[in-house]
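Chemist: My questions all concern the structure below.
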Amino acid sequence: KNPAFKPQLQRRSALKTSAKMSNMMCACLPDSLLVNCPCELAIQTHRNEVVLFTQFGKFTHESGRDGGIERVNWPFEQVGGRVSLRVNEIDIRALSKTADETFVTVSISVQYQVDPDKVAEAFFKLDQPKRQIAAFVEEAVRSHVPSMPIDETFRSKDSIAGAVQARIEDKVNNYGYLVVKVLVTDVVPDQKVRRAMNTVNESKRRREAIRSEAEAKKFTEIKAAQARSESSYLSGVGLARQRAAILDGIAQSMNLMNDERVRHHQEKNNQAVMDMLLITRKRT
């Protein structure tokens, strides 16, 4: 109770209260913060992750990319945020009109990541990167697709993807992001257009079926006519050979009748030969 010791007791009480408050604050910190002393903390970082440090709200420096332990002079220096360098993907559906006044929905997948050289810009400049990238993609689709007819949009998916990537990558890079790949996964026209296209395709297939059936019938008739012609030809050849054989036999008979012993009957025999030829022709 000596008044001379009162200031010392007050300082000791203040130190105890400060230590108690520090312990309470440290107890509320995440598990990744390892307390070494009342004013110095060790922050655990991961691979392909960058930790941004701020001092009184102002960005000071960033951690390494390989993971480890980073020291922080708390409470003057704090962790502003954590940024992953991994590749992310978002799926976007953009509605656009084609050159022939048809509405189509273009499904696009965009693979992007934070630029390792612009981590601070990516974190502090853009609050919602997915929404901003989706807006850039929709604007690029609506600028490119209206110059193409609907049939070409189905055949030129790679062309659309390349045009979208070339249009958005500079804009996205201004905010600290890189566009790795843009893929057009599907092009879906309006439901009425789909029904009309299905009707056209059905009619086209029906015409092809009728044409194929007619060609088959024509082929069958041609083959049948060729068979009949070949049969008639072979019949004529057989008939010609038959008549040639008959003539050979008659010629031999005439040679015999021209013999000296039957010379006086030549005129009569010649008439008989002619009669025989006529009879044979009538029979055949």
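Chemist: Can you find, among VAL110, PRO129, ALA94, the residue farthest towards the positive end of the dipole of region 86-178? Put +1 on the C-beta of Lys and Arg, -1 on that of Asp and Glu.
Modeler: Ranked along the dipole, the leading option is PRO129.
Chemist: Expressed as a whole percent, how much of the Cα-Cα distance distribution for region 193-242 exceeds 17 Å?
Modeler: Value for region 193-242 (Cα pairs over 17 Å): 60 percent.
Chemist: Taking K and R as +1 and D and E as -1, what net charge do the other residues with C-beta under 14 Å from the C-beta of ASN173 add up to?
Modeler: Result for the neighbourhood of ASN173: -1.
Chemist: Applying a 10 Å radius around every beta-carbon, put 226-239, 82-95 in order of their mean neighbour count, most first.
Modeler: Peptide ranking by packing, descending: 82-95, 226-239.
Chemist: Note the full-extension length gain between LYS218 and VAL193 as 0.36 nm times their separation in residues minus their Cα-Cα distance, in nm to one decimal.
Modeler: Taking 0.36 nm per residue and subtracting the Cα distance, the gain is 5.3 nm.
Chemist: Considering only C-alpha atoms, what is the centroid distance from region 197-248 to region 143-172, in Å?
Modeler: Distance between centres, Cα-based: 53 Å.
Chemist: Then there's this: Which entries in LYS157/LYS204; LYS97/LYS171; LYS157/LYS181; LYS97/LYS181; LYS97/LYS204; LYS97/LYS125 show an alpha-carbon gap greater than 21 Å?
Modeler: As for pairs spanning more than 21 Å Cα to Cα, those are LYS157/LYS204; LYS97/LYS171; LYS97/LYS181; LYS97/LYS204; LYS97/LYS125.
Chemist: Let me ask something additional. Based on a Kirkwood Rh over C-alpha pairs, give the Stokes-Einstein translational diffusion coefficient of region 144-200 at 37 °C and viscosity 0.692 mPa s in µm²/s.
Modeler: Value of D from the Cα-based Kirkwood radius: 249 µm²/s.
Chemist: When the dipole is taken about the Cα centre of region 76-195, and only Lys, Arg (+1) and Asp, Glu (-1) are charged at their Cβ, what size is it in debye, to the nearest 20?
Modeler: The dipole of region 76-195 has a size of about 300 debye.
Chemist: Tell me which residues come under 5 Å, amide H to amide H, from VAL180 once H is placed; ignore anything under 5 positions away on its chain.
Modeler: Under 5 Å from the amide H of VAL180 lie the amide H atoms of GLN111, TYR112, GLN113, each far enough along the sequence or on another chain.
Chemist: How many nm separate the modelled label positions at ASP158 and ALA42, each set 7 Å beyond the Cα in the direction of the Cβ?
Modeler: 5.3 nm
Rule-based calculations on the coordinates, nothing more; no lab input. Everything quoted here is computed from the prediction, not taken from an experiment. With ideal geometry, Cβ positions are generated from the backbone for all residues, glycine too; neighbour counts draw on all protein chains shown.
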